[in-house]
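The values are calculated or read from the model by the stated rules, or taken from the named source; none is laboratory data. These numbers were taken from a predicted model, which means no experiment stands behind them. Reconstructed Cβ throughout: ideal geometry from the backbone, glycine too, with neighbour counts over all protein chains shown. The protein model used for the area step is the full one, side chains on, heavy atoms only, and it has no ligands, DNA or RNA in it. Shrake-Rupley method; radii C 1.70, N 1.55, O 1.52, S 1.80 Å.
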Amino acid sequence: MSESVLLSEIAEQPAVLERLLTEAAADVEAIAATIRARNIHHVVIAARGSSDNAARYAQYLFGAHNRLTVTLATPSLFTRYRTPPVMAGALVIGISQSGESPDLVAVVEEGRRQGCLTLGVTNVSGSPLTSAAEHTIVLGAGKERSIAATKTYTAQLTALALLSTAVSQNGEWRQQLARVPAFVAAAHGVDRNAVLAAASALKDAGHGVVLGRGFNFATAFEAALKAKELAYVAVEPYSSADFQHGPIALIDTGFAAIVINAAGAVSSEVESLLRTVVERGARPVVVSNVASSLALASAAIPIPADMPEWLSPIAAIVPGQLLAFHLSRLRGFDPDAPRGLKKVTKTT
């Protein structure tokens, strides 16, 4: 089997995150001090694709740890309808791997025109996003050659966690955050046979769902995106709560389901839905550090047991990346050359 660029970049993630936590710390502390000084209560985030899933993580992270209201921007209001909303007093964040998409840059530029504090989170220094934003967190992940984002996604999550922790000035959270590279390394070191078994279980699925809740609502979206863009399996992401409001009627024998359940505030509710999914005849793939949830799986992928829930999405997505890679190859596709896609997508 030839070496894959995507697989090599998945493996780089612990080192990327270790470097980010060290090299970005001083800049992030300065940004956090400015946020506290401006008495920010509202955050508006503009993002697309995997970066949009990082923004979903930020909704829970900044809400739970910083008591900030977080909304996701609607870029077409800025670029197509020419009716940007009033964002006075907000922190406006643009998250983009390349920093090039004009619609995201437009949101940040408008925020700056309105006198908002603006921040760009990107892997490319000198990009249009870094020029538009007053402050920047550069991920320093190195060039990402694979079309599917992996190391830039986990770096975005880690940068957001670093910012949230710096704003809160919480020493315990700082100590927990320092363990993220080790958590990711452990998640990457999962038994390859477990991932292959999960890929085999999904190989013939034409459609299905990915379920998560809370902090891992973002993980459900990102894992679903990876399965779509690499293996062309139409799995749709849902909050386990939203799924019970109608879509649960889809579940029957043989239905494809991936369930992400990290120990924490919502894990008992997610496991309750998992039991229902199994009772209705589905054979779920389960990514979890809850032993009773893993026991319900037709294919179980364990993740580190001692992760705090708020950091679990950074490690929990790694099995999702590996699963999409192996699923793509099992279905006869090349995960390094997903059809119809290119690395930088510019929307307006």
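Entry note: the range 224-265 has Rg to Rh equal to 1.00, where both radii use alpha-carbon atoms and Rh is the Kirkwood radius. When the Cα positions of Ala88, Ser292, Asn261 are compared along the charge dipole of the chain, Ala88 comes out farthest toward the positive end, with charges on each C-beta of Lys, Arg, Asp and Glu.
Taking each residue as 0.36 nm, the span from Thr347 to Ser125 lengthens on full extension beyond its C-alpha to C-alpha distance by 77.9 nm.
Here the Karplus relation 6.51 cos²θ - 1.76 cosθ + 1.60, evaluated at θ = phi - 60°, turns the backbone of the range 127-135 into coupling constants of 6, x, 5, 5, 6, 6, 8, 5, 10 Hz, with x for every Gly and Pro.
A full extension of the chain between Glu279 and Ala182 corresponds to an added length of 31.3 nm, given 0.36 nm per residue minus the alpha carbon distance.
Computed about its Cα centre, the charge dipole of the chain is approximately 520 debye, with only Lys, Arg, Asp and Glu carrying charge at their Cβ.
When the solvent-accessible area of the range 24-169 is split by element, carbon and sulfur atoms take up 49 percent of it, the probe being 1.4 Å. Modelled this way, with points 7 Å down the Cα-to-C-beta line, the labels at Asn39 and Ala291 are 5.1 nm from one another.
Calculated translational diffusion coefficient of the range 101-159 (37 °C, 0.692 mPa s; Stokes-Einstein with Kirkwood radius over alpha-carbon pairs) equals 272 µm²/s.
Per DSSP H run of n ≥ 4, the term is -39500 (n - 2.57); total these for the chain, divide by its residue number, and report the mean residue ellipticity at 222 nm rounded to 500 deg cm²/dmol. Value at 222 nm, helices only, nearest 500: -15000 deg cm²/dmol.
For the range 263-348, the fraction of C-alpha pairs farther apart than 23 angstrom is 40 percent. The mean accessible area for residues of the range 59-155, using a 1.4 Å probe and ignoring ligands and nucleic acids, is 39 Å² per residue. Hydrophobic long helices, here whole DSSP H runs in the chain with Kyte-Doolittle means of at least 0.0 and Cα atoms spread over 15 Å or more along the helix axis, are found at 5-23, 25-37, 151-168, 192-202, 217-231, 267-279, 312-330.
Probing with 1.4 Å while keeping every protein chain in the model, the per residue accessible area of the range 192-244 equals 33 Å². In loop segments of the range 52-133 as defined by DSSP, there are no GluC sites (Glu not before Pro) with at most 14 further C-beta atoms inside 10 Å of their C-beta. For chymotrypsin sites (Phe, Trp or Tyr not before Pro), the sites in the range 1-82 that DSSP calls loop and that have at most 10 other Cβ atoms within 10 Å are Tyr81.
Close amide-amide hydrogen proximity is noted between Thr136 and Gly120, each under 5 Å apart and 5 or more residues distant or on a separate chain (H modeled in the peptide plane; Pro and chain starts excluded).
Of the two radii for the chain, the radius of gyration is 0.96 times the Kirkwood radius, both from the alpha carbons; that is the Rg over Rh value.
Calculate what fraction, in whole %, of the accessible area of the range 259-324 sits on carbon and sulfur atoms when a 1.4 Å probe is rolled over the protein chains. Solvent-exposed carbon and sulfur of the range 259-324 make up 53 percent of the total.
Partner lysines whose Cα lies under 29 Å from the Cα of Lys346, excluding those fewer than 8 positions away in the same chain, are identified as Lys143, Lys151, Lys226, Lys228.
If the Kirkwood radius is taken over C-alpha pairs of the range 200-253, then at 20 °C and 1.002 mPa s the Stokes-Einstein diffusion coefficient equals 186 µm²/s.
Once the 1.4 Å probe is applied to the protein heavy atoms, the range 255-348 comes out at 37 Å² accessible per residue.
Once the chain from Ala30 to Ser8 is taken as fully extended at 0.36 nm per residue, the excess over their C-alpha distance is 4.6 nm. Eigen-decomposition of the gyration tensor built on the alpha-carbon atoms of the range 1-114 gives equivalent ellipsoid semi-axes of 28, 20, 12 angstrom, largest listed first.
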